[in-house]
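Have a look at the structure below before the remarks.
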Amino acid sequence: MVLLAAAVCTKAGKAIVSRQFVEMTRTRIEGLLAAFPKLMNTGKQHTFVETESVRYVYQPMEKLYMVLITTKNSNILEDLETLRLFSRVIPEYCRALEENEISEHCFDLIFAFDEIVALGYRENVNLAQIRTFTEMDSHEEKVFRAVRETQEREAKAEMRRKAKELQQARRDAERQGKKAPGFGGFGSSAVSGGSTAAMITETIIETDKPKVAPAPASVHMKIEEKITLTCGRDGGLQNMELHGMIMLRISDDKYGRIRLHVENEDKKGVQLQTHPNVDKKLFTAESLIGLKNPEKSFPVNSDVGVLKWRLQTTEESFIPLTINCWPSESGNGCDVNIEYELQEDNLELNDVVITIPLPSGVGAPVIGEIDGEYRHDSRRNTLEWCLPVIDAKNKSGSLEFSIAGQPNDFFPVQVSFVSKKNYCNIQVTKVTQVDGNSPVRFSTETTFLVDKYEIL
């Protein structure tokens, strides 16, 4: 399906919150939603209506509608399945299906909508994963805040030190019958005091000054990989499948005729496939991504998938992060030992959450030794083992806990993480123009994340 927009609107077609997944003006989306109620046949039970250009797939929610606007050639069954997921997301963030409640949580809903659909296509996620992704803490934000607070403390300490120096200098001058430096008068004393005050002020201003981000490059690549992995609790990889793609976005038409220099250092046997409009022979011979017709340009202001790859294996050495869970029965229940080990040393996994199911109605687990932190979710009966970073310097760790139950109660174990380093070592190292082969400034955004990662 190609999903153009998702919106929550009133019965009259007034948009409360709307998320567009393709380039659309505000006037266009407001016009589409305003026309939507007029198209429905009163008294008839339907789930979609169509115009000459779009299809509305909708679900009533008391006084509101959850509406998806799609192209007419999209698969209606997939549309309805996606609509159900959107409709289930709303009560997760809103206590009541009312206009003011939807407006109050509009940003939460938009973030959740973005987890369901990317670039107009449905992501393979469920409600629990959406909740996890939207609640994830940002490691980078925490580091930034810590650095900022340290800078502010240092600036205030420096200010107090300089103020004490000035006070001491004034007292010394008064005892000697001289004019205190930096407090009025003419000559070098006033200049000295002024420069000291200026220095203190500049220190504070420099601390509070926001960092200006560099201008975005006109050529941007998004490199994304998703992994699906299933392991047995007694060891052995049942299946591992990884899908990757390079998405190209050009924001200036003068850089439309370019070529991407791809460096592929993968040693695992990844299957590569170029877009039908990309010159496959050029890519095979020189690892260059360019259009078959070099006189044509790549689309502007549109995300274009130019290269994708796939890896499917049952080779255990390819598992990026191994998880071993060992429940053993004790007199009062089970002692559970669980450990992780990073097998790919070049990876850095962030915001790792290892979720272990717990028996219901037996209370909280008793935590023994733990590397990292944990959260007990009594409502969902899960224990979440949280690790901010797993990398070559922190490649293994363990958790021990005790709780009433049987060994089978602690499976399946689920893992989630994000990474700014991709699993398959495929990168764009250079971008050049077709004419003249001159280099073009570009930016890249790399993401490696989990679609499903389970130990059954």
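The values are calculated or read from the model by the stated rules, or taken from the named source; none is laboratory data. These figures come from a predicted structure and were not determined experimentally. Neighbour counts are summed over all protein chains in view; Cβ atoms, including those assigned to glycine, are modelled from backbone coordinates with ideal geometry. In case anyone asks, the SASA skips ligands and DNA or RNA and just uses the protein heavy atoms, side chains included. Shrake-Rupley method; radii C 1.70, N 1.55, O 1.52, S 1.80 Å.
Quick one: which residues, 5+ away or cross-chain, put their amide H under 5 Å from the amide H of residue 421? H built at 1.01 Å from N.
For residue 421, whose amide H was placed from the backbone, the distant partners under 5 Å are 348, 448.
For the stretch 285-443, what are Rg and Dmax over the alpha carbons, in angstrom?
Values for the stretch 285-443 (Cα only, Rg and Dmax): 22.9, 77 Å.
Enter the mean projected area of the convex hull around the alpha-carbon atoms of the stretch 28-126, in nm², rounded to one decimal. Before the final figure, lay out the partial values.
On the way: hull surface 27.2 nm².
Directional mean of the projected Cα hull area for the stretch 28-126 stands at 6.8 nm².
Provide the solvent-accessible area of residue 280, counting protein heavy atoms only and rolling a 1.4 Å probe, rounded to the nearest 10 Å².
Counting only protein heavy atoms, the figure is 140 Å².
Quick one: how many Å² of residue 325 are accessible to a 1.4 Å probe, rounded to 10?
10 Å²
Could you sort 378, 218 by accessible area so the largest value comes first, with the probe set to 1.4 Å?
Working: 378 85, 218 30 Å².
Largest accessible area first, the list is 378, 218.
Can you list the HN-Hα couplings for the stretch 150-164, worked out from phi with the Karplus curve (6.51, -1.76, 1.60; θ = phi - 60°), rounded to whole Hz and with x for Gly and Pro?
Taking θ as phi minus 60°, the curve returns 5, 4, 5, 5, 5, 5, 5, 5, 5, 5, 5, 5, 5, 5, 5 Hz for the stretch 150-164.
Suppose every K and R has +1 on its Cβ and every D and E has -1 on its Cβ; what is the size of the dipole of the chain about the Cα centre, in Debye to the nearest 20?
On the way: 56 positive and 66 negative charges, 417 e Å.
I would put it at about 2000 debye.
Can you tell me the FRET efficiency between residue 34 and residue 286 if r is taken as the Cβ-Cβ distance and R0 is 56 Å, rounded to the nearest 0.05? Numbers along the way, then the final one.
Working: r = 52 Å, r/R0 = 0.93.
It comes out at approximately 0.60.
Taking a quarter of the surface of the Cα convex hull of the chain, what do you get in nm²?
Working: hull surface 139.2 nm².
Dividing the Cα hull surface by four gives the mean projection, 34.8 nm².
Relative to the longest principal axis of the chain, what angle (0 to 90°, nearest 10) does the C-alpha long axis of helix 106-116 take?
50 degrees
Can you give the accessible area of residue 22 in Å² (nearest 10), computed on protein heavy atoms with a 1.4 Å probe?
Surface open to solvent at residue 22 totals about 60 Å².
Gain in length, residue 378 to residue 158, computed as 0.36 nm per residue apart minus the alpha-carbon separation, to one decimal in nm? Walk me through the numbers before you get to the answer.
Numbers: separation 220, 0.36 × 220 = 79.20 nm, distance 4.77 nm.
Difference between extended and current length: 74.4 nm.
For the residue pair residue 396 and residue 362, what label-to-label distance in nm results when each label sits 7 Å from Cα along the Cα-to-beta-carbon direction?
Each label point is offset 7 Å from its Cα along the Cβ direction, giving 2.8 nm.
Between residue 328 and residue 341, 0.36 nm times their residue separation minus their Cα-Cα distance comes to what? Before the final figure, lay out the partial values.
Working: separation 13, 0.36 × 13 = 4.68 nm, distance 2.07 nm.
Gain on stretching residue 328 to residue 341: 2.6 nm.
May I ask you to evaluate 6.51 cos²θ - 1.76 cosθ + 1.60, the Karplus curve with θ = phi - 60°, for each residue of the stretch 84-100 and list the ³J(HN,Hα) values in order in whole Hz, giving x for glycine and proline?
4, 5, 4, 5, 6, 5, 4, x, 5, 10, 10, 6, 9, 8, 10, 4, 5
Could you rank the peptides 312-319, 51-58, 271-278 by their average count of other C-beta atoms within 10 Å per residue, with the highest value first?
Values: 312-319: 13.8, 51-58: 16.8, 271-278: 15.2.
So the peptides 312-319, 51-58, 271-278, ranked by packing, come out 51-58, 271-278, 312-319.
Pull out the extension gain between residue 420 and residue 51, defined as 0.36 nm times the separation in residues minus the alpha carbon to alpha carbon distance; nm, one decimal. Show your work: numbers first, answer last.
Values: separation 369, 0.36 × 369 = 132.84 nm, distance 4.22 nm.
Extra length from residue 420 to residue 51 when fully extended: 128.6 nm.
Using the alpha-carbon atoms, what tilt in degrees (0 to 90, nearest 10) does helix 26-39 show relative to the longest principal axis of the chain?
It is inclined by approximately 40 degrees.
Can you compute 3J(HN,Hα) from phi for each residue in the stretch 298-305, using the Karplus curve 6.51 cos²θ - 1.76 cosθ + 1.60 with θ = phi - 60°, rounded to whole Hz and x for Gly and Pro?
For the stretch 298-305, the Karplus-derived couplings read 5, x, 9, 6, 8, 7, 10, x Hz, x marking Gly and Pro.
On a 0 to 90 degree scale, rounded to 10, what angle separates helix 188-208 from the longest Cα axis of the chain?
10 degrees
Between residue 296 and residues 5 or more places away or on another chain, which pairs have amide H atoms under 5 Å apart, with H built 1.01 Å from N, and which residues are they?
none
Quick one: accessible area per residue over the chain, 1.4 Å probe, rounded to a whole number of Å²?
Values: 25320 Å² over 456 residues.
Here the residues of the chain average 56 Å² of exposed surface.
Roughly what % antiparallel, to the nearest 5, for the DSSP beta bridges in the chain? Before the final figure, lay out the partial values.
Values: 105 of 119 bridges.
Approximately 90 percent, going by the DSSP bridge assignments.
If you roll a 1.4 angstrom probe over the protein chains with everything in place, what fraction of the accessible area of the stretch 319-456 belongs to carbon and sulfur, to the nearest %? It would help to have the intermediate numbers written out before the result.
Working: 2840 of 6500 Å².
Accessible surface attributable to carbon and sulfur in the stretch 319-456 totals 44 percent.
Could you sort 245, 61 by their accessible area in this structure, using a 1.4 Å probe and putting the largest first?
Numbers: 245 65, 61 15 Å².
Final ranking, largest accessible area leading: 245, 61.
Relative contact order for the stretch 236-334: what percent, with Cα pairs under 8 Å and sequence separation of 6 or more? Show your work: numbers first, answer last.
On the way: 138 pairs, mean separation 43.4, N = 99.
Taking the mean separation of contacting Cα pairs over the length of the stretch 236-334, I get 44 percent.
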